[in-house]
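Colleague: Supplied in structure tokens, the structure appears directly below.
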Amino acid sequence: MKVLARTTILKHKMVDQIKREISIMKIVGHPYIVRLHEVLAGTTKIYIILEFVTGGRLFDKIVHQGKLPENERREYFQQLIDAVAHCHNKGVYHRDLKPENLLLDACGNIKVLDFGLSALPQQGVGLLRTTCGTPNYVAPEVLRNQGYDGGASDVWSCGVILYVLLTGYLPFDEINLPTLYKKINAAEFSCPFWFCFGVKSLIHKILDPNPKTRIQIEGIRKDPWFWKNYVPVKHREVEEVNLDDVCAVFDDIQDYVKRQTRFVSRKPAKFITSTIEAIAESMSLKVHTHNFKTRLEGISANKAGQFAVVLEVFEVAPSLFMVDVRKAAGDTLEYHKILAFIASETVSDWTLTILPGFFSIDATSNSDLIPLDVVLYFHYLPLVNFNIISARLKFLPLVYWCQLDN
């Protein structure tokens, strides 16, 4: 899990980079790419929940073992090419491929990591112009800073990785950067005597300094050395994700409570979801539900644009569920209208008042649905008040969950 402080992101102007990494990871779901499960936002922090990969980094394995057995290194390269081909088919170029960004899962399969430097080419633009990546793995055309094809530069990086897998060391490695760049530009390297003809031929086709004549991904996949014992991965499409949800995470901190509300309920998750769907349909909203995550879409009252609200149900304790409601797109006023309508149908007998340094919550009956906005303010209150209020309102099962924002 990555934990990012909002203040740090804003201070270093990293919003666009973080948005890009999150968006790309949601687009490129693949068995050989680290999966992004969820992005959660607190008042002060953003939590990026990634797939848990237990096998360590491929780089560390190479450092400890040196030259790997041929079948093993071929399989790693096959998996890398499968992952990169999938990214390219989605229009995504990694731009920082290296063994340090390749993890291994419990079964020994590759997992590509770190899409922070990745690029999605703009419509009508074929060349990328930002110099990215680690020098030893960067293609010659990237170093020239004159525009380059992201696909061809990724292929070059894959070639350097293949060389490292086969030998345990880099094809281009100089302490002096100008000398290193000169060797990369000229593709000045040599293959050890133990390389078979097939792999030597493939590496020279990949490490071609001319991106126009360099072998492409499909050519690599047809190569006899690559094809030996190759088993194409069975790829299952992951759940489609609306990128509006990602953008909503980066709203201003001051707007956090305006765009996000939480409730808890003791009703079953299926009942909560079906109730939300029924309310939405009565408002003539489009409803999309998958795995207890519901997206409501509609046209704003002034017909000026669309809006979207996302509701997700989580089990936070036995027989206790949290409903997270957030604005995904559109005007905040429309979000409040929907929220008010849902509240009128479900929690009309609860009232909430928040003042600087003080809040009160009054129950007029034993409602099943409890507003959880108050929890967002617990870290502003003295601890004694936190304990008293928690105990009085029976919020104790949620205390540990609330600590995320501390």
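Per-residue answers, yes or no, for (1) touching a Ser or Thr at 6+ places or on another chain (Cβ under 8 Å); (2) surrounded by fewer than 19 Cβ atoms within 10 Å (Cβ to Cβ); (3) within 20 Å of ALA139 (Cβ to Cβ); (4) at pLDDT below 75:
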residue: ALA41; (1), (2), (3), (4): no, no, no, yes
residue: THR54; (1), (2), (3), (4): no, yes, no, no
residue: HIS64; (1), (2), (3), (4): no, yes, no, no
residue: LEU68; (1), (2), (3), (4): no, no, no, no
residue: LEU97; (1), (2), (3), (4): yes, no, yes, no
residue: GLY108; (1), (2), (3), (4): no, yes, no, no
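Colleague: Tell me, which residue of the stretch 307-333 that is of a type outside the set (A, V, I, L, M) and surrounded by fewer than 15 Cβ atoms within 10 Å (Cβ to Cβ) is modelled with the highest pLDDT? Show your work before the answer.
Modeller: Of the residues in the stretch 307-333, the ones of a type outside the set (A, V, I, L, M) are 307, 312, 314-315, 318-319, 321, 324, 326-327, 330-332.
Of the ones still in play, those that are also surrounded by fewer than 15 Cβ atoms within 10 Å (Cβ to Cβ) are 315, 318-319, 332.
Values: GLU315: 79, PRO318: 76, SER319: 76, THR332: 68.
My answer is GLU315.
Colleague: Can you spot a residue in the stretch 7-17 that is buried (at least 17 other Cβ atoms within 10 Å of the Cβ), under 28 Å from VAL325 (Cβ atoms), β-branched (Val, Ile, Thr) and touching a strand residue (DSSP E or B) at 6+ places or on another chain (Cβ under 6 Å)?
Modeller: Applying the first criterion (buried (at least 17 other Cβ atoms within 10 Å of the Cβ)) to the stretch 7-17 yields 9.
With the extra rule that they be under 28 Å from VAL325 (Cβ atoms), the set shrinks to 9.
So of that shortlist, the ones also β-branched (Val, Ile, Thr) come out as 9.
Cutting the leftovers down to touching a strand residue (DSSP E or B) at 6+ places or on another chain (Cβ under 6 Å) gives us none.
No, because not a single residue in the stretch 7-17 is buried (at least 17 other Cβ atoms within 10 Å of the Cβ), under 28 Å from VAL325 (Cβ atoms), β-branched (Val, Ile, Thr) and touching a strand residue (DSSP E or B) at 6+ places or on another chain (Cβ under 6 Å).
Colleague: Restrict the check to the stretch 31-46 and report whether at least one residue is over 15 Å from ILE161 (Cβ atoms), assigned by TED's automatic domain parsing to the domain that holds GLY168, over 11 Å from the mean Cα position of the chain (by Cα) and basic (Lys, Arg).
Modeller: yes
Colleague: Also, I was wondering about something else. I'm checking my understanding of the structure. Among residues of the stretch 155-171 that are over 19 Å from ALA83 (Cα atoms) and crowded, with 22+ Cβ neighbours inside 10 Å, which one is modelled with the highest pLDDT?
Modeller: If we filter the stretch 155-171 for residues that are over 19 Å from ALA83 (Cα atoms), which is where we start, we get 166-171.
So of that shortlist, the ones also crowded, with 22+ Cβ neighbours inside 10 Å come out as 166, 171.
On the way: LEU166: 90, PRO171: 93.
That would be PRO171.
Colleague: What are the residues in the stretch 208-231 that are farther than 15 Å from GLY150 by Cα and of a type in the set (A, V, I, L, M, F, W, C), if any?
Modeller: ILE220, TRP225, PHE226, TRP227, VAL231, listed by residue number.
Colleague: Same structure again: Residues in the stretch 235-245: is at least one modelled with pLDDT under 85, more than 23 Å from the chain's Cα centre (by Cα) and not in a loop (DSSP other than H, G, I, E, B)? Can you show your working first?
Modeller: Of the stretch 235-245, the ones modelled with pLDDT under 85 are 235-245.
Cutting the leftovers down to more than 23 Å from the chain's Cα centre (by Cα) gives us none.
No, because not a single residue in the stretch 235-245 is modelled with pLDDT under 85, more than 23 Å from the chain's Cα centre (by Cα) and not in a loop (DSSP other than H, G, I, E, B).
Colleague: Tell me which of these ASP60 doesn't satisfy, since it passes every other one: (1) of a type outside the set (Gly, Ala, Ser); (2) over 13 Å from VAL112 (Cβ atoms); (3) modelled with pLDDT under 85.
Modeller: (3)
Colleague: Which of the residues belonging to the stretch 72-92 are basic (Lys, Arg) and not in a helix (DSSP H, G or I)?
Modeller: Keep residues of the stretch 72-92 that are basic (Lys, Arg), which gives 73-74, 90.
Hit for the stretch 72-92 is LYS90, nothing else.
Colleague: Evaluate the stretch 174-187: report whether one residue or more is within 25 Å of LEU58 (Cβ to Cβ), crowded, with 21+ Cβ neighbours inside 10 Å and more than 26 Å from the chain's Cα centre (by Cα).
Modeller: Yes: one or more hits.
Colleague: Now for a different question. Residues that are more than 22 Å from VAL310 (Cα to Cα), without any contact (Cβ under 8 Å) to a residue 60 or more places away in the chain and buried (at least 20 other Cβ atoms within 10 Å of the Cβ): does the stretch 25-39 have at least one?
Modeller: no
Colleague: What are the pairs, 6+ residues apart or on separate chains, where a residue within the stretch 197-211 that is in the same structural domain as TYR163 (by TED's automatic domain parsing) has its Cβ under 9 Å from a residue that is crowded, with 18+ Cβ neighbours inside 10 Å and of a type in the set (Ser, Thr, Tyr)?
Modeller: ILE203/TYR163; ILE206/TYR163; LEU207/TYR163; PRO211/TYR148; PRO211/SER153
Colleague: Do we have LYS286 as over 23 Å from the mean Cα position of the chain (by Cα), loosely packed, with under 14 Cβ neighbours inside 10 Å and modelled with pLDDT of 85 or more here?
Modeller: Details: over 23 Å from the mean Cα position of the chain (by Cα): yes; loosely packed, with under 14 Cβ neighbours inside 10 Å: yes; modelled with pLDDT of 85 or more: yes.
Against the criterion (over 23 Å from the mean Cα position of the chain (by Cα), loosely packed, with under 14 Cβ neighbours inside 10 Å and modelled with pLDDT of 85 or more), LYS286 qualifies.
Colleague: Any residue that is part of a loop (DSSP other than H, G, I, E, B), under 26 Å from LYS67 (Cα atoms) and not acidic (Asp, Glu) - is there at least one of those in the stretch 142-159?
Modeller: Here is the first cut: in the stretch 142-159, the ones part of a loop (DSSP other than H, G, I, E, B) are 145-147, 149.
Checking which are under 26 Å from LYS67 (Cα atoms) leaves us with none.
No, every residue in the stretch 142-159 fails to be part of a loop (DSSP other than H, G, I, E, B), under 26 Å from LYS67 (Cα atoms) and not acidic (Asp, Glu).
The values are calculated or read from the model by the stated rules, or taken from the named source; none is laboratory data. Computed from a prediction, not measured in an experiment: that's the story for all the values here. Heads up, the Cβs are rebuilt from the backbone with ideal geometry, glycines too, and the neighbour counts pull from every protein chain shown.
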